Amino acid sequence: MGGFFGITSRAQCLADVFFGTDYHSHLGTRRGGLAAYDRELGLQRQIHNIENAPFRTRFEHVFSEMRGTSAIGCISDTDPQPLLVRSRLGVYAICTTGVINNAEALIGHCLSREGAAFDAMTGGKVNSTQLISALINQKNSFAEGIRYAQEMVEGTASVLILTDGGSLIAARDRFGRLPVQIGKNENGYAVSFESFAYEKLGYEHERELGPSEAVLLTPEGMTQLLKPGNKKRICSFLWSYYGYPTSTYEGVNVEEMRYRNGESMARQDAAAGFDVPIDYVGGVPDSGTPHAIGYSNQSRTPFARAFIKYTPTWARSFMPPEQSDRDRVAKMKQIPVKELIKGKNLLFVDDSIVRGTQLKETVEFLYENGASSVHMRSACPPILFGCKYLNFSRATSDMELIARRVIDELEGEEGLNHLEEYADRSTLRGQALRKAIAEKFHFDSLEFQSLDGVVKAIGLDPCELCTYCWNGKE
């Protein structure tokens, strides 16, 4: 994943962009970057590795090295950015979010033009943001270039540009899978993935861009460069998993959605006759917790935190580059509240079950500390398809997904013809999937939220939501 933040202002704004970018740290762990425009200094840029240290510590000295009345920043889980580009459209800084699935074909297309070249990274890979800029630069204006890039990219690409003059150009991806939001104060405008980032800095929410929409921002005003398209497919996982609790997308707050989602899951359990006495309902921290609160409220079962994540020094379990190290850090972070575990029947809600590796260790940890039983609920349907529009999941093959592996174990390739049945708790195949995963991970019971349940909890028209990872429908 990744996120960006930018401001164009009549006043110095680097400090606000520093804090606004830092508020996107939950979206990425690899690179952080800032670019600023100052009338005397022109465009400046810094990029740092943030794999083993948070954004704010890497950039704490930036105020003595950069300044500007316009600036952009980004947190990236992929390539270094923002980039500084000199082109026929002028000099500018650019950052992007999303994923390009046809990168090699686009690189070949660009290289077919006389004199074209790219900076190569390790293994000959091309920075995806440089590739987007190369597509934009083929046209005679930023508006034409952005539209061209949107049409050429298979995947998702939202763009934020800082021009050598201090204006910002913001463009949401073609189908609006990710948010781009605009805030305003007396000195200018802010652009952000997360609206709360600029609201904390004194900006009022102005509006969200529509799918494929692009705008030009200066301290004096906002000009639409590209009108929004008609087709929207915003990622449902924004609410289920990686959106920040204080965030609001398309008018729907993340925390409220998660409460509604948990309530829905409790109602479904009750309707299905689940009547096992549960002592406590808890969340698999952190994003599972609000789903669990909703479940607890609806079921009238006490909510409790049977274990706590120790985060002062290891805020994110996936920071180390090696999976074995990430797993060990995740285990070290789990501190039990033994009085809430020993002899108790526990029900936990996780935001999702993707591979299940860490979840299996969590359940073993609970039994080691004396739990009588552990029941697991997933706040979303079984994940049956790896996401091909965003890069928030590390899955490189559908067979890395626990649901797909178990289906393959149950009936091989024939199972691919019955994925819809496996997702449905009421079918024999659906029950077999849940039983097999529960046995594999030593859950006393397992259930997934239904697709209808999660869509209703979000509250948007189903045709506006991307649910590809659950049902394979584009």
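For the range 293-301, the Karplus equation 6.51 cos²θ - 1.76 cosθ + 1.60, evaluated at θ = phi - 60°, returns couplings of 4, x, 4, 4, 4, 6, 7, 6, 9 Hz by residue, with Gly and Pro reported as x. Roughly what angle does helix 142-152 make with the longest principal axis of the chain, taking Cα atoms, 0 to 90 degrees, to the nearest 10? Long axis of 142-152 versus the principal axis of the chain: about 40 degrees.
Its relative contact order, with pairs defined as Cα atoms under 8 Å and 6+ residues apart, puts the chain at 12 percent.
Each of TYR389, TYR23 was scored by other Cβ atoms within 10 Å of its Cβ. Listed from fewest to most, they are TYR389, TYR23.
Mean residue ellipticity, 222 nm, helices only, the chain: the sum of -39500 (n - 2.57) across DSSP H runs of n ≥ 4, divided by residue count and rounded to 500, is -8500 deg cm²/dmol.
For GLY283, the amide hydrogen comes within under 5 Å of the amide hydrogens of VAL349, counting only partners 5 or more places away or on other chains and with H modelled in the peptide plane.
Where a number appears in this text, it was derived from the coordinates with a stated rule and is not lab data. Source: prediction; values computed, not measured. Ideal geometry is used to build each Cβ from the backbone, glycine not excepted, and the neighbour counts take in all protein chains shown.
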